Amino acid sequence: MTQGNPNAWGFDGNFHEKTQIDSGALSADTTLVMLTIGGNGTRFDNKIQTCVMEGCPSEASMKADIDSAVAETRTVLEQIHAQPPNATISLMGYPLLFSRTQACSTLVSASQRVILNDMAEYFENEQRELALHERGQREVPVSAVGVRGKAHL
């Protein structure tokens, strides 16, 4: 458990609070953990801004950020599993960034929306693959639930 000065706990995105893993909320009595994770690590906010101001970043650079976020997710899943070892972990997905059917933005072009949504789907697919790997290879009881209601056990 994280001790000491709360200003040293994590970064601004955590509002200088302890991580939920360190908060004491997980125990041997925990039976279900549901979470979304990795959204900040993918830096989609920066990617949208870059698309508007300069043109979308390369697919390779966007996938590199996503792959890094997914790798960090693996570590967090292992940390969660270590505390309530009998809990089922449900890794929840994120929605698409933009509607596929309506132009909801005049700043982000239709082609840019397709690129960004494709990256959001890539992120969800990578998280699903991670959940399948952790479940099958490491025997971590994790499932991935996509935002379109599809469970990936």
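Throughout, read-outs are computed from the coordinates displayed, never taken from laboratory work. The shown structure was predicted, so the numbers you read here are calculated from the model rather than taken from an experiment. So basically every Cβ, Gly included, is an ideal-geometry build from the backbone, and we count neighbours across all protein chains shown.
Translational diffusion coefficient, Stokes-Einstein: compute it for the range 16-153 using the Kirkwood radius over C-alpha pairs as Rh, at 25 °C and 0.890 mPa s, and state it as an integer in µm² s⁻¹. Rounded to a whole number, D works out at 152 µm²/s.
Please work out the FRET efficiency for the pair Asn86 and Glu17, using the Cβ-Cβ distance as r and a Förster radius of 30 Å; give the result to the nearest 0.05. Numbers along the way, then the final one.
Working: r = 26 Å, r/R0 = 0.88.
FRET efficiency, Asn86 to Glu17: 0.70.
With all pairs of different C-alpha atoms in the average, the Kirkwood value for the hydrodynamic radius of the range 28-77 is 12.4 Å.
In bins 5 Å wide, starting from 0, what share of all Cα pairs of the range 40-108 does each bin hold, as a percent? Taking every Cα pair in the range 40-108, the percentages come to 3, 13, 17, 20, 16, 11, 8, 7, 4, 1.
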